[in-house]
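These notes concern the structure reproduced below.
Computed from the coordinates by the stated procedures, all read-outs in this text should not be read as laboratory data. Being a predicted model, the structure only gives us computed values, none of them experimental. Here the Cβ is made from the backbone with ideal geometry for all residues, glycine too, and neighbour counts use every protein chain on show.
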Amino acid sequence: MTDAITTPKTTASTRGGLVTREQGLQSTQGTTTIADTVVSKIAGIAAKDVSGVYTLGGSASRALGAVRERIPGGRVNHSQGVSVEVGETQAAVDIDMIADYGVAIADLAVSVRRNVIASIERMTGLEVTEVNIAVADIHLPEDDQADDAADRAPRVQ
């Protein structure tokens with residue numbers, strides 16, 4: 001006789017108050033709530049870890065992020081380009097990203113989706129119902145060279 005539940009979404013047994021997805025984040029010892037910002041940071045870091053993702057966010061959010069990072073004491077916003085909806089037992093994720101040139105976008109989306117789902121489900125116990133990906137642009141290698149030239153040029157004469 002076993003105490004483990006064998007449904008496909010089970011992450012733990014019910015023995016000793018351990019939590020399963022079917023029970024949500026509740027146990028006999030209490031309830032755990034996870035903030036949207038936690039899930040969005042996990043999703044952002046997981047998406048950036050996939051080879052072929054240049055950065056996350058559209059042009060406006062990237063520009064704001066660049067300004068924020070240059071401010072003394074400013075930090076990298078890991079949830080830039082990521083929005084989430086978190087319920088009691090489920091989460092949905094939307095990601096805006098820029099892909100590296102030459103990467104198969106369909107394959108990249110599959111890899112990002114897989115990594116985001118695995119990371120969120122492993123770290124939070126939430127079931128990820130969907131991960132929507134919007135590719136806003138393609139990063140070209142010559143874009144870096146143009147940015148470097150602009151940074152070296154004097155701003156005043």
For Ala91, what residues show an amide H to amide H distance below 5 Å, using hydrogens built from the backbone and excluding near sequence neighbours? Glu127, Val128, Thr129
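Between Leu140 and Ile105, what is the FRET efficiency for a Förster distance of 22 Å, r being their Cβ-Cβ separation, to the nearest 0.05?
Efficiency at R0 = 22 Å is approximately 0.95.
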Give the long-range amide H neighbours of Thr55: residues separated by 5 or more places, or on another chain, with amide H under 5 Å away, using H modelled in the peptide plane at 1.01 Å from N. Ile98
